[in-house]
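What follows is a set of notes on a single structure, which appears directly below.
None of the figures in this text is laboratory data; all of them are computed from the coordinates on show. From a predicted model like this one, the values you see are computed outputs, not experimental measurements. Note: ideal-geometry Cβ built from the backbone for every residue, glycine included; neighbour counts use all protein chains shown.
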Amino acid sequence: MGRDNAPKERQRAQLERKQACRASYDRILIVTEGSKTEPNYFREIRADHRLHTANIAVQPCKWGTAPLQIVQYAKDLFEKGNPHKIQPRAFEQVYAVFDRDDHDSYFEALTQAASLDNKLRNDLKQPVRFKTIASVPSFELWLLLHYEDIQAPIHRDEVMRRLKQYLPDYQKGASNAFATTKGLLGTATQRARTLATRYDANNGFDPYTAIADLVTRLTTLRS
């Protein structure tokens with residue numbers, strides 16, 4: 001009696017349907033420290049630029065807010081997926097988004113992420129870019145750069161205080177940060193890149209954010 005190949009055929013058909021649903025641009029997994037603010041921000045960009053949800057997945061870290069936990073969770077989520085939304089190894093790029101704040105594991109997280117870059121393989125057997133998107137001191141520095149050119153070290157509480165001068169209703173968990181600030185996106189990007197010529201994530205003390213890199217990646221995927 002011949003073996004029943006129906007399960008394999010169903011799996012192949014399911015894979016073909018999933019591939020047909022994907023857009024032609026890279027599949028990106030974004031794992032964030034924040035449970036609301038950052039996920040909401042990147043999901044806003046996804047919707048604003050009509051990026052396919054099968055290509056751009058945004059997930060808050062389920063293991064905690066320490067940078068090392070975020071990197072490790074991003075790796076685990078990439079490799080194993082989850083039962084509802086994320087397919088295993090279904091991405092070309094993985095981004096771990098976190099703040100410097102006062103986290104003890106910040107520098108270890110940068111090192112571990114660097115060790116994973118181009119070492120993992122996706123479902124197409126391709127090497128995967130694994131990148132950190134760090135902000136010093138916090139994600140809100142990126143938003144503040146839309147309004148002020150920050151050049152000196154600044155505490156996260158001062159960042160928030162200044163940001164509220166421009167966005168009085170802003171608070172953690174905000175759901176319209178991108179819509180509110182996108183008119184000044186070019187200004188913020190230029191300022192963030194200027195900072196990146198002076199400092200980098202490994203400094204950990206001077207103002208820095210790589211959010212501009214990820215935002216630029218997302219907003220130019222369809223071009």
Looks like the range 78-138, by Cα gyration tensor root eigenvalues a ≥ b ≥ c and the a/c under 1.5 rounded cutoff (else prolate when a/b is bigger than b/c, oblate otherwise), is prolate
Taking the Cα centre of the chain as the origin, how large is its charge dipole in debye, to the nearest 20, when only Lys and Arg (+1) and Asp and Glu (-1) carry charge on their Cβ atoms?
1180
Under-5 Å amide H pairs with Arg89, H placed in peptide plane, nonlocal only
Glu79, Lys80, Gly81
The farthest towards the positive end of the charge dipole of the chain, of the residues Cys61, Phe78, Ala90, given +1 on Cβ of Lys and Arg and -1 on Cβ of Asp and Glu, is Ala90
Based on DSSP H runs of at least 4 residues, each adding -39500 (n - 2.57), what is the mean residue ellipticity at 222 nm of the chain after dividing by all its residues, to the nearest 500 deg cm²/dmol?
-13500 deg cm²/dmol
Ordered by number, the chymotrypsin sites (Phe, Trp or Tyr not before Pro) in the range 143-223 that occupy a DSSP loop and have at most 12 other Cβ atoms within 10 Å are Phe205
Which residues' amide hydrogens lie under 5 Å from the amide hydrogen of Ile56, considering only partners 5 or more residues apart or on another chain, with H built in the peptide plane?
Ile28
Could you tell me the largest-minus-smallest coordinate of the C-alpha atoms of the chain on each of the three principal axes, in descending order and whole angstroms?
75, 34, 28
Amide H contacts under 5 Å for Leu120, placed H, 5+ residues apart
Val128
Run down the lysines and flag those whose C-alpha is under 19 Å from the C-alpha of Lys131, throwing out any fewer than 8 positions away in its chain.
Lys62, Lys75, Lys80, Lys119
If each part is reduced to its alpha-carbon centroid, the range 91-142 and the range 55-74 end up apart, in Å, by 9
Could you work out Rg/(2.2 N^0.38 Å) for the range 177-223, with Rg from alpha carbons only?
1.23
What do you get for Rg/Rh of the range 105-223 when both radii come from the Cα atoms and Rh is the Kirkwood radius?
1.01
Could you pull out every whole DSSP H run in the chain that spans at least 15 Å of Cα extent along its own axis and averages 0.5 or higher on the Kyte-Doolittle scale?
106-116
